[in-house]
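The values are calculated or read from the model by the stated rules, or taken from the named source; none is laboratory data. Given the structure is predicted, the values throughout are model-derived calculations rather than measurements. All Cβ positions, glycine included, derive from the backbone under ideal geometry; neighbour counts span all protein chains shown.
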Amino acid sequence: MEMEEEKTRTGPLYECVRCGKKVYLSELERYISFRCPECGYRIFKKVRPSIVKRVKAR
């Protein structure tokens, strides 16, 4: 069962603007139109990683 979940978890992570459910791109591609599996809303925002890149100044 864990192997199936790992296969579906590919691509960037998105969050529904209305309900806040986090969904991977591969899960959204299953549906004809990109809709939230919980509330059916169509607007998502991309979840950014919490890692901050530091660039050394010259």
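In the stretch 26-42, the residue that is modelled with the lowest pLDDT out of those that are hydroxyl-bearing (Ser, Thr, Tyr) and either surrounded by 13 or more Cβ atoms within 10 Å (Cβ to Cβ) or in a helix (DSSP H, G or I) (or both) is 26. Which ones in the stretch 10-25 are in a loop (DSSP other than H, G, I, E, B) and β-branched (Val, Ile, Thr)? Once the filter is applied, which keeps residues that are in a loop (DSSP other than H, G, I, E, B) and β-branched (Val, Ile, Thr), the stretch 10-25 yields 10, 17. Selection of the stretch 44-58 for residues being surrounded by 12 or more Cβ atoms within 10 Å (Cβ to Cβ) and part of a loop (DSSP other than H, G, I, E, B) yields only 47.
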